[in-house]
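See structure below.
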Amino acid sequence: MCSQTDEEKLQQVRCAIRTIPDFPKQGILFRDICPLLKDPKAFNAVIELFEDHLKKKFPQIHLILGLDARGFLFGPVLAHRLGIGFVPIRKKGKLPGPTFSVSYQLEYGEAEIEIESDSVQAKQKVVIVDDLLATGGTLSAACALMKKVGADILECLVVIELKELNGVKKLNSVPFHSLVQF
């Protein structure tokens, strides 16, 4: 059996992402990863592409951090494949015990994310994973949270980047990688 090239894997991932017009409101093209999650070959292509990318770029990674909630779908599998730990970054109030948190602005209000205070140590090399980068608010907040604890952010990694929303600007030069762009 022949293995797929990276380009073939990327095409498989792109084809598994469904576009739903006018959701959640008129004029928005929603990029739905549910079909990708349902397709084991497409899901595996995402994990293999992430894994290969990280192994080529970073000789040492201590932790994969996943954003609530869709970063939880890719992060633990990727961490397992790399033989390292996974840490969830949760919405405020979802974690037991002492936490570190950071607030950030939403389109209409404010939100807060947090990690358990003993989950990431200063100087640990981390990669932050999510499904999508849109306006960049949540991913930027995760970076601020990691800076607060003194972690070394190697990269932010997403499946989908919505280029026209220019969320990468909010990452303030934190290295960033996306598999597919719309």
- Item | Subset of segment 87-99 [part of a strand (DSSP E or B) and under 16 Å from Thr138 (Cβ atoms)] | Val87, Pro88, Ile89, Arg90, Lys91
- One residue from Ile33, Ile28 being surrounded by 18 or more Cβ atoms within 10 Å (Cβ to Cβ) and either within 25 Å of Lys163 (Cα to Cα) or polar (S, T, N, Q) (or both): Ile33
- Message: Given the condition out of contact with any helix residue (DSSP H, G or I) (no Cβ under 6 Å at 6 or more places or on another chain), part of a strand (DSSP E or B) and surrounded by 18 or more Cβ atoms within 10 Å (Cβ to Cβ), answer yes or no: does some residue in segment 76-86 qualify?
- Response: no
- Query: Any residue at all in segment 66-78 that is farther than 24 Å from Arg31 by Cβ, in contact (Cβ under 8 Å) with a residue 12 or more places away in the chain and of a type in the set (A, V, I, L, M)?
  - Reply: no
- Message: So Leu10 passes all but one of these: (1) out of contact with any helix residue (DSSP H, G or I) (no Cβ under 8 Å at 6 or more places or on another chain); (2) closer than 17 Å to His177 by Cβ. Which condition number does it fail?
- Response: (1)
- Within segment 102-142, restricting attention to residues that are assigned to a loop (DSSP other than H, G, I, E, B) and of a type in the set (Ser, Thr, Tyr), which residue is modelled with the lowest pLDDT? Tyr108
- Task: Take segment 136-170 and flag every residue that is surrounded by fewer than 22 Cβ atoms within 10 Å (Cβ to Cβ), polar (S, T, N, Q) and either in contact with a strand residue (DSSP E or B) (Cβ under 7 Å, 6 or more places away or on another chain) or closer than 20 Å to Ser117 by Cβ (or both).
- Result: none
- Message: Can you list residue pairs whose Cβ atoms sit under 8 Å apart, with the first residue in segment 13-37 being within 17 Å of Val180 (Cα to Cα) and the second being of a type in the set (Asp, Glu) and part of a loop (DSSP other than H, G, I, E, B)? Count only pairs 6 or more apart in sequence or on different chains.
- Response: Ala16/Asp39
- Item | Close pairs from segment 129-153: first within 11 Å of Ile89 (Cβ to Cβ), partner modelled with pLDDT of 95 or more and acidic (Asp, Glu), Cβ under 9 Å, at least 6 apart | Thr138/Asp68; Thr138/Asp130; Leu139/Asp130; Ala141/Glu112; Ala142/Asp130; Leu145/Glu114; Met146/Asp152
- Task: Report yes if some residue within segment 85-93 is more than 30 Å from Ala45 (Cα to Cα) and at pLDDT 95 or above; otherwise report no.
- Result: yes
- Task: Could you grab me the full set of residues in segment 54-71 that are surrounded by 15 or more Cβ atoms within 10 Å (Cβ to Cβ) and under 17 Å from Ser140 (Cα atoms)?
- Result: Ile64, Leu65, Gly66, Leu67, Asp68, Arg70, Gly71
- Going by the structure shown, is Ile28 under 20 Å from Leu82 (Cβ atoms) and β-branched (Val, Ile, Thr)? no
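The values are calculated or read from the model by the stated rules, or taken from the named source; none is laboratory data. Remember, it's a predicted structure, so these values are computed and weren't measured experimentally. All Cβ positions, even for glycine, are placed from backbone atoms using ideal geometry, and neighbour counts span all protein chains on display.
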